[in-house]
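The values are calculated or read from the model by the stated rules, or taken from the named source; none is laboratory data. All values reported here derive from a predicted model rather than from experimental measurement. For neighbour counting, all protein chains shown are included, and Cβ atoms are generated from backbone atoms with ideal geometry for every residue, glycine included.
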Amino acid sequence: MPKIARKRRADKANKTISGKLIIGALTKKFDTSNDSDLAAHIGGTSTGIWQLNRKRKVTPLQIAGLVKRAVHSSGKNIYKPIVEFHHVERYKKYKNRKRFQPLNAGDKKYAKLVEALRDARGIYFFYDSSGRVIYVGRTEKQDLWSEMTNAFNRGNIRNQIYLTGHPKKRMGKKSSNQKKRRLVRKNVKLHDSAHYFSAYNVRQEFIKVMEQMIIRAVPNNLVNTRIEGQTEH
């Protein structure tokens, strides 16, 4: 092989690109906001992403290794449980507003859990007192904690139970001829019927399809007003 041809081949093999450019392109491609999210997509750690970002020269061989790792991890780490079957502790943050949180976000014992929910996107579940799932929701843009709190207070949910009215004023002894109070089927919000919740951090591209599959698998138990993924025939 001529000397010039060998030199050209060596130059191509030794060509490098900065890690910052690679991370920038990957962040844009996967639409991620931090190193942890990007690491979950390409199969690595946030520390590894940070180190790659600082490298001035990344060789084609190193890039090939990055691609290989991403291919191997493509079927892994699709979802990660944040919390499962945690009891609901209905908390009213503002006295003058009828809005509740599933937990008291200001309580120190829930600080790590609430922080994890605020850092994640994915799928969440609410369950009734017997542990049966009654609502499935997802969020791709808003954080899990905010979306779960919104759903907890949402009024457009087909959640009905039988209730009876009770007098607000003090009453004396019940007379024998007093009529029985009528049982009436009423719409209630999740904060009146949910007793447990679970939440999962799900990779962005799988959130919608996973929610559709779950809802279609257990539609009769749910109070969701929409059955996701419906197609007309």
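With closer than 22 Å to residue 196 by Cβ and not β-branched (Val, Ile, Thr) as the only criterion, which of 154, 97 stands out?
Details: 97 fails: closer than 22 Å to residue 196 by Cβ.
On inspection, the qualifying residue turns out to be 154.
Residue 113 - would you say it is surrounded by 14 or more Cβ atoms within 10 Å (Cβ to Cβ) and at pLDDT 90 or above? Taking the combined requirement at face value, the residue satisfies it.
Restricting to segment 24-35, name every residue that is within 21 Å of residue 207 (Cα to Cα), part of a helix (DSSP H, G or I) and free of Cβ contacts under 8 Å to residues at least 12 places away in the same chain. Within segment 24-35, 27, 28, 29 qualify. Only one of the numbered conditions (1) assigned to a loop (DSSP other than H, G, I, E, B); (2) under 30 Å from residue 114 (Cα atoms); (3) at pLDDT below 85; (4) not aliphatic (A, V, I, L, M) is not met by residue 41, and that is (1).
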